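K.L.:
Have a look at this one before I ask anything.
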Amino acid sequence: MSNQYYLVSQLPEFTVSDDRSALPITYEYYYDLCSRFLDKKEMKILEGLSLEPPLESYRSGSSFVDSWNYKERSLRLALAQIRALRMKKKFSAGNESIAPDAVLAARTASGMESPLAAEQYLNQYRLNVIESMRPMDGFSVDAVFSYGLRLKLATRMKKFNAATGMASYHKIYDSILKADAQENNK
């Protein structure tokens, strides 16, 4: 635990926003710093830290990370369900339960005209989830994981570009429609 005080004290504070200002730390530097202070078990959990948790749930060894994975998986399943309904496709979340707030966020985002505005809304939802789960003990290992998720999210948000995103959106959407048309012609 005492090592975590040294680790957390070296992590600079930052604000998660869409602006183009540089982050004070990269994820690679954060990971390297963590590798010096966390034990093997905690590093294994850190290695599994992701903004895109696997579809199949598993126990990571951290209740914080497990809660994050559940919320993010719920959001992704809710989005997939809404998209499938719009395209008149079947979709099943299997036995996975979906968090009600994730369903609400997915519905709100899917109703937005701009894909960029929807993604910004979803990123704010994700940030709010991380903040709501932030541990009271700012020096706990879960606080370190929370910092890592915030850093990953901030890094992702800073990569967004409206023109590039719209072009990519149209390319992906067109390929889905093309695949759907080919499937219907069979």
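K.L.:
Please determine whether any residue of region 146-164 is on the phi < 0 side of the Ramachandran plot, of a type in the set (A, V, I, L, M), at pLDDT below 85 and open to solvent by 40 Å² or more (accessible area, probe 1.4 Å).
P.N.:
Step one: of region 146-164, the residues on the phi < 0 side of the Ramachandran plot are 146-164.
Still in the running and of a type in the set (A, V, I, L, M): 149, 151, 153-154, 157, 162-163.
Subsequent filtering for residues that are at pLDDT below 85 retains 162-163.
The next check asks that each one be open to solvent by 40 Å² or more (accessible area, probe 1.4 Å); those that pass are 162-163.
Yes, region 146-164 contains at least one residue that is on the phi < 0 side of the Ramachandran plot, of a type in the set (A, V, I, L, M), at pLDDT below 85 and open to solvent by 40 Å² or more (accessible area, probe 1.4 Å).
K.L.:
Let me ask you something else. Is it the case, given these coordinates, that Asp32 is surrounded by fewer than 14 Cβ atoms within 10 Å (Cβ to Cβ), part of a helix (DSSP H, G or I) and free of Cβ contacts under 8 Å to residues at least 12 places away in the same chain? Even if it seems obvious, please write down each step before you answer.
P.N.:
Working: surrounded by fewer than 14 Cβ atoms within 10 Å (Cβ to Cβ): yes; part of a helix (DSSP H, G or I): yes; free of Cβ contacts under 8 Å to residues at least 12 places away in the same chain: yes.
Yes; evaluated as a whole, the condition is true for this residue.
K.L.:
A further question on this structure: Give the residue that is modelled with the lowest pLDDT, with candidates limited to residues of region 76-114 that are open to solvent by 60 Å² or more (accessible area, probe 1.4 Å) and in contact with a helix residue (DSSP H, G or I) (Cβ under 6 Å, 6 or more places away or on another chain).
P.N.:
Phe91
K.L.:
Here's a follow-up. Select, from Tyr6, Tyr58, the only residue that is closer than 30 Å to Leu104 by Cβ and open to solvent by 50 Å² or more (accessible area, probe 1.4 Å). Outline the logic, then answer.
P.N.:
Working: Tyr6 fails: closer than 30 Å to Leu104 by Cβ.
The unique qualifying residue is Tyr58.
K.L.:
Quick one: how many residues across region 119-156 are within 12 Å of the chain's Cα centre (by Cα) and among the small types (Gly, Ala, Ser)?
P.N.:
3
K.L.:
Does Ile45 satisfy the criteria of being under 18 Å from the mean Cα position of the chain (by Cα) and either under 18 Å from Ala143 (Cβ atoms) or open to solvent by less than 50 Å² (accessible area, probe 1.4 Å) (or both)? Quick ask: steps written out before the conclusion?
P.N.:
On the way: under 18 Å from the mean Cα position of the chain (by Cα): yes; either under 18 Å from Ala143 (Cβ atoms) or open to solvent by less than 50 Å² (accessible area, probe 1.4 Å) (or both): yes.
Taking the combined requirement at face value, the residue satisfies it.
The values are calculated or read from the model by the stated rules, or taken from the named source; none is laboratory data. All of these numbers come straight from a predicted model, not from anything done at the bench. Cβ atoms come from the backbone with ideal geometry, glycine included; neighbour counts cover every protein chain shown. Areas reflect the complete protein model, heavy atoms only, side chains present, ligands, DNA and RNA absent. Shrake-Rupley method; radii C 1.70, N 1.55, O 1.52, S 1.80 Å.
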